[in-house]
Each structure stands twice: as structure tokens, then as C-alpha cells.
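Okay, structure first, notes after.
The values are calculated or read from the model by the stated rules, or taken from the named source; none is laboratory data. Being a predicted model, the structure only gives us computed values, none of them experimental. Ligands, DNA and RNA are excluded from the accessible area calculation, which covers all protein heavy atoms including side chains. Shrake-Rupley method; radii C 1.70, N 1.55, O 1.52, S 1.80 Å.
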Amino acid sequence: MGLYTLVEQLLPESFSLYQFMAVLDMEQDDAREARNILKQFYLRGLVKRNSKNMYIKVK
């Protein structure tokens, strides 16, 4: 699961959707794709959603 490992290493404990997009070098138009990726992380129990654009990594 290389994508999550990258996120785990480069992002702080609490991060925003836009920080996530910056780490993955995504454009503003890719916000939907970024949200879908974070939704998959959420469904697997890797992150928790704190608010609309804020997420927390689960240890």
C-alpha cells in the first residue's frame, strides 16, 4: 500500500484535503479524486474524518 505509506510519512497527524493533494501533486480539478482516495482510506480504517476537509491518521 505505497500511497498510504507516502501519506503517512509526509503529512502531520491531522491534515487537510488540500495538504493531501499537495503531497500527491494533484491539481485543484482533482479534488473529487482526492476525496475518493480519502474515502477508501476511511473505509479501511486508516484515517478518520474530523470535518469536511480535515482528516486524522489512525495509528
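Stretched out straight at 0.36 nm per residue, the stretch from Asn50 to Glu8 would grow longer than its current Cα-Cα span by 13.5 nm. From its DSSP helices (H runs of at least four residues, each -39,500 (n - 2.57)), the chain gives a residue-normalised ellipticity at 222 nm of -14500 deg cm²/dmol. Annotation: extensible slack from Ala22 through Gln40 equals 4.6 nm (criterion: 0.36 nm per residue apart, minus Cα-Cα distance). A 1.4 Å probe run over the chain, with the rest of the protein chains in place, finds 70 Å² accessible per residue.
Surface composition of the chain: carbon plus sulfur atoms contribute 48% of the solvent-accessible area (1.4 Å probe, protein chains only, all chains present). Out of (1) 52, 14, 10; (2) 35, 27, 17; (3) 30, 22, 18, which label holds the value of Cα extents along the principal axes in Å that was computed here? Structure-derived value, by its label: (3).
In percent, what relative contact order does the chain have, based on Cα pairs under 8 Å that are 6 or more apart in sequence? Averaging sequence separation for qualifying contacts and normalising by length gives 36 percent for the chain.
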